[in-house]
Amino acid sequence: MELPARLGLTQLAEAFSSGQLSPVEVVRHALRRIARLDPVLNSYLSVTADHALERARQAESEIRAGRHKGPLHGVPYAAKDLLDTKGIRTTVGSRILSDNVPAADAAVVESLSAAGAILLGKTGMHEWAYGITNNNPHFGPVRNPWNTERIPGGSSGGSAAALAAGLCSFSLGSDTGGSIRIPAALCGIAGLKPTFGRVSRRGAFPLGHTLDTLGPFGLTVQDTALAYHAIAGRDGADPTTVDKPVELPRFDAEPSLKGVVIGVPRASYYECLDPAVDSAVQSALSVLTGIGAQLREVAVPDIDLANSLHRLILLAEGTSVHHRRLEEHREQFGDDVRALLDQGRLVLASDYLNAQRQRKRFCREFARTLETVDALVAPAVPIPTARIGELEVEVNGRLENVRLATTRNIRALNLTGLPVLSVPCGFHSDGLPIGIQIVGKAFDERRVLEIGHAYETATEWHLRIPPIARSPVPSDTAPGAP
């Protein structure tokens, strides 16, 4: 049978359970799509075709024998190339680690293997995860599947682009200053940054020790939730993780948000928006009220100050990670990352400690705001999607730095460690996606996912498919396929 361009996690789980599809059939289909489309997108750094087909045959045998492991069993996924994979190259998007082959899997990869998920390959990223464009000087730029002249967002842009184009069924990324939520918004998919400490970071290359979070992308909120559920939980080898129940909402066909109070921080997150973003987000708020939610305007702490704190903390932490590497391999860093690492050398210990103290106050004030509501809803990326190589973008007649403007509504939330979900809410006139972000209370991913699922069910933005994903794929182009 001819398979659709995109096959999501939930869709495949049902098809495998009913016997309508087999893991081998689906993995071969995904490999054909990668071979045909990824030379344009450049979303994968490594494709593990032989490994994936071997795991697919194993999963198919297990499912047929009645040993079904759950919804991820046999489902193909892609992992950001900062996650260790045993025997598979892990470059962190760098020239320095271009031949690095880990001896063990990252904790999240272990969890997905135990759940029966199948790794298709490692995805492209901004060098060392330190940027939002995915314009990598060593491996080339990852391209947005909606318009290949535009960025996919970063630093997890490869994971988002691959999923949006139907080159996997879910994917993994990391979020230090928006690196899941930005690509999710710009590629028109769902992406979850879980609460700090909810998902083990063992085996994930660090950028900011007090900011890094791992999380999933999905074609739907339900797909995202199921992937999150598989990787969340306490890990004795990662002391930052916590032992708290991991709850998921009911995914009703006609969900209601009756009784749910959503905070709208207009004075901070709704300023300096591109007109198309403003219109799409206002429409999203109307949809939320239409399915029962109550909107309440709220005041949040100064996000401009918080963004400055985030920048200072990340400069210091990023440079501490790379201090020796910068001394020994300085010329092997890309220009933009090297410049950031050099700036980090100028951060005094007293400045870093003072920023962390101010961060605590910001988090307390932000938590007090959330005491009055169930979640916050705000625009994700407030500006149009930048062109590859573009340093400035015009917003309402004013030029803004692409990096700073893209992360304006994003970075401060990494200071809080709170769970945040990005979901598509509309499109620009040029066909590029727009996203909203839903911010929840600490360890309340269930409520964030519940709101996201309800909104998604009431709209059809997530059903749109990028033009490149609709390209015909020949049946004989799978690398390594028998």
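The values are calculated or read from the model by the stated rules, or taken from the named source; none is laboratory data. Remember, it's a predicted structure, so these values are computed and weren't measured experimentally. Every residue, glycine among them, receives a Cβ derived from its backbone with ideal geometry; neighbour counts consider all protein chains shown. Calculation scope for accessible area: heavy atoms of the full protein, side chains included, ligands and nucleic acids excluded. Shrake-Rupley method; radii C 1.70, N 1.55, O 1.52, S 1.80 Å.
Using the structure shown, decide if K69 is open to solvent by less than 10 Å² (accessible area, probe 1.4 Å), basic (K, R) and in contact (Cβ under 8 Å) with a residue 12 or more places away in the chain. Against the criterion (open to solvent by less than 10 Å² (accessible area, probe 1.4 Å), basic (K, R) and in contact (Cβ under 8 Å) with a residue 12 or more places away in the chain), K69 does not qualify. The residue list P4, P39 contains one member that is modelled with pLDDT under 95 and more than 18 Å from F217 (Cα to Cα), which is P4.
Considering R6, R55, R36, R32, which residue is in a helix (DSSP H, G or I) and buried (at least 21 other Cβ atoms within 10 Å of the Cβ)? First the steps, then the outcome.
Numbers: R6 fails: in a helix (DSSP H, G or I); R36 fails: buried (at least 21 other Cβ atoms within 10 Å of the Cβ); R32 fails: buried (at least 21 other Cβ atoms within 10 Å of the Cβ).
Criteria check complete, one pass: R55.
Please find, among G140, G154, G158, the residue that is under 16 Å from E127 (Cβ atoms) and free of Cβ contacts under 8 Å to residues at least 60 places away in the same chain.
Working: G140 fails: free of Cβ contacts under 8 Å to residues at least 60 places away in the same chain; G158 fails: free of Cβ contacts under 8 Å to residues at least 60 places away in the same chain.
On inspection, the qualifying residue turns out to be G154.
I383 meets the conditions (1) in contact with a Ser or Thr (Cβ under 7 Å, 6 or more places away or on another chain); (2) over 25 Å from T416 (Cα atoms) in every case but one. The failed one is (2).
Of everything listed in (1) over 23 Å from F251 (Cβ atoms); (2) at pLDDT 95 or above; (3) hydrophobic (A, V, I, L, M, F, W, C); (4) more than 15 Å from the chain's Cα centre (by Cα), the single unmet condition for I434 is (4).
Could you list, in sequence order, the residues of the stretch 425-444 that are open to solvent by 10 Å² or more (accessible area, probe 1.4 Å) and either free of Cβ contacts under 8 Å to residues at least 40 places away in the same chain or not basic (K, R) (or both)?
First, the residues of the stretch 425-444 that are open to solvent by 10 Å² or more (accessible area, probe 1.4 Å): 427-431, 441-444.
Matches in the stretch 425-444: F427, H428, S429, D430, G431, A442, F443, D444.
Looking at the stretch 445-466, is at least one residue crowded, with 24+ Cβ neighbours inside 10 Å and either within 23 Å of V40 (Cα to Cα) or of a type in the set (K, R) (or both)? Yes, the stretch 445-466 has at least one match.
Tell me which residues, restricted to the stretch 77-99, are part of a loop (DSSP other than H, G, I, E, B), at negative phi, open to solvent by less than 10 Å² (accessible area, probe 1.4 Å) and small (G, A, S).
Quick first cut of the stretch 77-99, residues part of a loop (DSSP other than H, G, I, E, B) only: 81-82, 84, 86-87, 89-99.
Now narrow it down to the ones that are at negative phi: 81-82, 84, 86, 89-91, 94-99.
Okay, now just the ones that are also open to solvent by less than 10 Å² (accessible area, probe 1.4 Å), so 81-82, 90-91, 94.
S94 - this is the single residue of the stretch 77-99 that is part of a loop (DSSP other than H, G, I, E, B), at negative phi, open to solvent by less than 10 Å² (accessible area, probe 1.4 Å) and small (G, A, S).
All of (1) open to solvent by 10 Å² or more (accessible area, probe 1.4 Å); (2) over 21 Å from A412 (Cβ atoms); (3) modelled with pLDDT of 95 or more hold for Q358 with one exception: (2). Checking each residue in the stretch 117-145 for being in contact with a Pro (Cβ under 9 Å, 6 or more places away or on another chain) and assigned to a loop (DSSP other than H, G, I, E, B) picks out A117, G124, I132, T133, N134, V142, R143, P145. Here G74 clears all of (1) within 21 Å of G8 (Cα to Cα); (2) outside any loop (DSSP other than H, G, I, E, B); (3) of a type outside the set (S, T, N, Q) except the condition numbered (2). Here V24 passes the criteria (1) open to solvent by less than 40 Å² (accessible area, probe 1.4 Å); (2) touching a residue at least 40 places away in the same chain (Cβ under 8 Å) except the one numbered (2).
The residues of the stretch 85-112 that are out of contact with any Leu (no Cβ under 8 Å at 6 or more places or on another chain) and farther than 30 Å from R338 by Cα, listed by number, are E110, S111.
If I ask for residues that are in contact (Cβ under 8 Å) with a residue 24 or more places away in the chain, of a type in the set (A, V, I, L, M) and not in a loop (DSSP other than H, G, I, E, B), which ones from the stretch 445-475 would you list? First the steps, then the outcome.
Within the stretch 445-475, the subset in contact (Cβ under 8 Å) with a residue 24 or more places away in the chain is 445-459, 461-462, 464-471, 473-475.
After this cut, where a residue has to be of a type in the set (A, V, I, L, M) as well, the list is 448-449, 451, 454, 458, 465, 468-469, 473.
The answer is V448, L449, I451, A454, I468, A469.
Evaluate the following for Q343: is it out of contact with any Leu (no Cβ under 6 Å at 6 or more places or on another chain) and either buried (at least 18 other Cβ atoms within 10 Å of the Cβ) or not hydroxyl-bearing (S, T, Y) (or both)? It would help to see each step written out before you state the result.
On the way: out of contact with any Leu (no Cβ under 6 Å at 6 or more places or on another chain): no; either buried (at least 18 other Cβ atoms within 10 Å of the Cβ) or not hydroxyl-bearing (S, T, Y) (or both): yes.
In short, no.
Of all residue pairs spaced 6 or more apart or on separate chains, those with beta-carbon atoms under 9 Å, a first member in the stretch 227-244 that is within 18 Å of L172 (Cα to Cα) and a second member that is aromatic (F, W, Y) are A227/Y77; A227/F170; A227/F217. Scanning the stretch 212-258 for residues that are surrounded by fewer than 17 Cβ atoms within 10 Å (Cβ to Cβ), of a type in the set (D, E, K, R) and either in contact with a Gly (Cβ under 7 Å, 6 or more places away or on another chain) or under 14 Å from A107 (Cα atoms) (or both) returns R234, D238, K258.
Looking only at the stretch 118-139, decide whether some residue is polar (S, T, N, Q) and out of contact with any Asp or Glu (no Cβ under 9 Å at 6 or more places or on another chain). Within the stretch 118-139, one or more residues are polar (S, T, N, Q) and out of contact with any Asp or Glu (no Cβ under 9 Å at 6 or more places or on another chain). A residue that is closer than 30 Å to S94 by Cα and in a loop (DSSP other than H, G, I, E, B) occurs somewhere in the stretch 313-330.
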